[in-house]
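The next block holds one structure in the form of structure tokens; read it before the comments.
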Amino acid sequence: MNNNLTVVSNNLVLRDITYLRDKNTPHRDFRTALDRIAYSLCIAMSDHIKMREVEIETPLELTRGKKFASPIVLVPILRAGLSMANAFLELLPQAKMGHIGIKRNEETLEPIDYYYKTPKELEHSLVIILDPMLATGGSVSSAIKILKGNGAKHIVIAAIISSPEGVQRILNDHSDVSIYTANLDRGLNEKGYIVPGLGDAGDRVFGTL
Ligand code: PRP
Ligand code: URA
């Protein structure tokens, strides 16, 4: 669709998306499949991490290696974004974590933000937004606006499933932000749900159906 979008696909992801889509998948299996996809997204987006060269000593000699050059801040969008936090924290254990609470109004589909707490040093950090569903894009666009207002300059989105409408919204509102997703679905239905999608991600992760 554009250079800001990377669709991360491999056979593990394809298998796990099929579990997520299946309405008969119980929440325990839904959670673990989503967790596994989040690992693939994190590995793919690690290309965005600026590296610096360091000198290290092996037991045999001096050599050169790489370390992360900037701090990393993970920001799951409550609630459903929490389901991606485990994989990202496992692979990026030095990351700090902020939280933004945003809830879609189910009638208007407009995002309502209700909670904000992030580490202070956003300006020099790679800020990774975690949200499984990029539907209209309203929630993530609003989160980006808030993060930029608090100093963030380098923001990347990790979403399990995205709609073309959501990707376009981010491109229009925040053309400097890259999106990593495991699938670009067909579109949105009249209620703003991604189709074919997986339903309400938060309800399926937390068993609140
Ligand atoms: C879901 C999802 C996104 C948002 C996507 O959250 O996790 O945050 O909807 O929709 P959008 O792109 O149209 O804004 P929801 O509002 O259902 O809240 P929840 O995570 O608390 O269930
Ligand atoms: N939020 C969800 O959880 N699922 C969708 O399909 C759209 C928004």
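The values are calculated or read from the model by the stated rules, or taken from the named source; none is laboratory data. All values reported here derive from a predicted model rather than from experimental measurement. Note: ideal-geometry Cβ built from the backbone for every residue, glycine included; neighbour counts use all protein chains shown. Remember, those area values only see protein heavy atoms, side chains included, never the ligands or the DNA or RNA. Shrake-Rupley method; radii C 1.70, N 1.55, O 1.52, S 1.80 Å.
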- Message: On the basis of being surrounded by 21 or more Cβ atoms within 10 Å (Cβ to Cβ), polar (S, T, N, Q) and within 14 Å of ligand 2 (Cβ to nearest atom), does S125 make the cut?
- Response: no
- Query: With respect to K191, is the statement that it is surrounded by fewer than 18 Cβ atoms within 10 Å (Cβ to Cβ), more than 12 Å from ligand 2 (Cβ to nearest atom) and of a type in the set (D, E, K, R) true?
  - Reply: no
- Within the range 77-87, residues open to solvent by less than 70 Å² (accessible area, probe 1.4 Å) and either small (G, A, S) or more than 14 Å from ligand 2 (Cβ to nearest atom) (or both) come out as A80, G81, S83, A85, A87
- Checking T63 against (1) closer than 22 Å to S163 by Cβ; (2) of a type in the set (V, I, T); (3) open to solvent by 40 Å² or more (accessible area, probe 1.4 Å), which single condition isn't satisfied? (1)
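Does I43 fit the bill of being β-branched (V, I, T) and open to solvent by 90 Å² or more (accessible area, probe 1.4 Å)? Working first, answer last.
On the way: β-branched (V, I, T): yes; open to solvent by 90 Å² or more (accessible area, probe 1.4 Å): yes.
Yes.
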- Among the residues listed as E106, E110, E90, E57, the single one being more than 25 Å from A201 (Cα to Cα) and open to solvent by 50 Å² or more (accessible area, probe 1.4 Å): E57
- Out of (1) within 24 Å of S142 (Cβ to Cβ); (2) touching a Ser or Thr at 6+ places or on another chain (Cβ under 6 Å), the odd one out for Y19 is which? (1)
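Check L171, L130, L147 and return the single one that is modelled with pLDDT of 95 or more, within 21 Å of I194 (Cα to Cα) and more than 16 Å from ligand 2 (Cβ to nearest atom). Quick ask: steps written out before the conclusion?
Working: L130 fails: more than 16 Å from ligand 2 (Cβ to nearest atom); L147 fails: within 21 Å of I194 (Cα to Cα).
After applying the criteria, what remains is L171.
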- Report yes if S139 is touching a residue at least 12 places away in the same chain (Cβ under 8 Å), farther than 25 Å from N10 by Cα and buried (at least 24 other Cβ atoms within 10 Å of the Cβ), otherwise no. yes
